[in-house]
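Notes follow the structure.
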Amino acid sequence: MPVHSAQTTPKAAEVFATRQTLYDKLSLMTGISWPQLAAIDQYERTLSSARPKTRPLLGQTVGVFIEEDQWSGLLNPNKADVSPLSIRWFNGIGRDGDGDGQAERNNDFDLLYAIASKILQHGTTEDDLAIGLWEYYHNSRSVQRIQQFTRIYETFGRLDLFEHAFPLPVGNNYSYKSTWGNARSWGGRRSHEGTDLFAGHGLSVKSTCYGIVEVKGWNPFGGWRIGIRDLNNYYHYYAHLSGFDKSLAAGTVVKPGQVIGWVGSSGYGKPGTQGKFPPHLHYGIYRDRGLIEWSFDPYPLLKAWEREELRRMKKG
């Protein structure tokens, strides 16, 4: 049973239920499946979370952000225009989704309907939507992320997929400390972008999140490594493995606590190189801002996930 960083609170459950209702209604209107709509909304939310100063929250529950000029039309003298007719006249993308006669930039339904309408210009097939997403974002990473998020939502059929697990079996013999930013020399001077968890060779390594396998294979630095993308647009990086679960491949959807591989000492050389350092799991997290991706210290999260698992174990 996976161990999570937090349980869904009543307030969070209410928010998820509200979003689900919105996605279901909009799906009937547009023909876009609710997992695809949820994926678009969640991707928008991750961008706003990464850049809160330039992408303030507009709606109550959805994460969609649309600039004033884009909403009302670049040449529209009334940037606060809510008239669907005049917004269309000035080529704005604002739309009246809930049928109240106004295209409001702070209305959840109108916001998501506006993006859906823009994307639907090329059709409703998977390929059509991919083209529509590209035309909207002009970024292949955005298209990939939304497709990945869609797969996750389709697999589990629900929205509350933000729980986490500790990457090693709690109660086993392992040790770790904060090594963020420490110097590394193999392959050139660089800093350590993660946390090393030292453990016995062959100890199982678990997914820390609901996510989708993005990368699996050999890396000269990380050895046998696997990368998993979650719905927060975080890339979870597991390196120096001795092997992988054979059922996993790029595109496989995983859940917290699921075994993905085993602790090893691979890396620092050509494929198959082993034993240049003691067995351990290198665990890193990278955050995607839309155009760039950067790492941050995972140690505080690891400690929180470990504490939560110990707490649950004590409760039986």
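The values are calculated or read from the model by the stated rules, or taken from the named source; none is laboratory data. All figures in this text were calculated on a predicted structure; none of them were measured in a lab. No Cβ is skipped: glycine too gets one built from the backbone with ideal geometry, and neighbour counts run over all protein chains shown. Surface areas here come from the heavy atoms of the whole protein model, side chains and all, with no ligands, DNA or RNA. Shrake-Rupley method; radii C 1.70, N 1.55, O 1.52, S 1.80 Å.
Figures for the structure shown
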{"read-out": "Lone qualifier among THR46, THR30, THR21, THR8 - being free of Cβ contacts under 8 Å to residues at least 60 places away in the same chain and among the hydroxyl-bearing types (Ser, Thr, Tyr)", "value": "THR21"}
{"read-out": "Count of the stretch 196-205 residues which are open to solvent by 20 Å² or more (accessible area, probe 1.4 Å), touching a residue at least 60 places away in the same chain (Cβ under 8 Å) and not in a loop (DSSP other than H, G, I, E, B)", "value": "1"}
{"read-out": "Considering residues of the stretch 288-316 that are at pLDDT below 90 and touching a strand residue (DSSP E or B) at 6+ places or on another chain (Cβ under 9 Å) only, the residue most open to solvent (accessible area, probe 1.4 Å)", "value": "TRP294"}
{"read-out": "Filter result for the condition that a residue is open to solvent by less than 40 Å² (accessible area, probe 1.4 Å) and at pLDDT below 95, over GLY269, GLY211, GLY217, GLY251", "value": "GLY269"}
{"read-out": "The stretch 65-79, residues that are surrounded by fewer than 21 Cβ atoms within 10 Å (Cβ to Cβ) and assigned to a helix (DSSP H, G or I)", "value": "GLU68, ASP69, GLN70"}
{"read-out": "Single condition ILE93 does not satisfy, out of (1) within 18 Å of the chain's Cα centre (by Cα); (2) touching a residue at least 24 places away in the same chain (Cβ under 8 Å); (3) over 18 Å from TRP34 (Cβ atoms)", "value": "(1)"}
{"read-out": "Test: residue in the stretch 43-54 that is in contact with an Asp or Glu (Cβ under 7 Å, 6 or more places away or on another chain) and either open to solvent by 10 Å² or more (accessible area, probe 1.4 Å) or more than 24 Å from GLU126 (Cα to Cα) (or both)", "value": "no"}
{"read-out": "Pairs where the first residue, in the stretch 118-134, is among the charged types (D, E, K, R) and the second is open to solvent by 80 Å² or more (accessible area, probe 1.4 Å) and part of a helix (DSSP H, G or I), C-beta under 8 Å, 6+ apart", "value": "LYS118/GLU135; ASP128/HIS122"}
{"read-out": "GLU193 being open to solvent by 40 Å² or more (accessible area, probe 1.4 Å), of a type in the set (Asp, Glu) and at pLDDT 90 or above", "value": "no"}
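Yes/no matrix, rows are residues, columns are (1) closer than 22 Å to LYS25 by Cα; (2) within 24 Å of the chain's Cα centre (by Cα); (3) part of a loop (DSSP other than H, G, I, E, B):
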{"position": "GLY59", "(1), (2), (3)": "yes, yes, yes"}
{"position": "GLY63", "(1), (2), (3)": "yes, yes, yes"}
{"position": "ASP81", "(1), (2), (3)": "no, no, yes"}
{"position": "TYR113", "(1), (2), (3)": "yes, yes, no"}
{"position": "THR124", "(1), (2), (3)": "yes, yes, yes"}
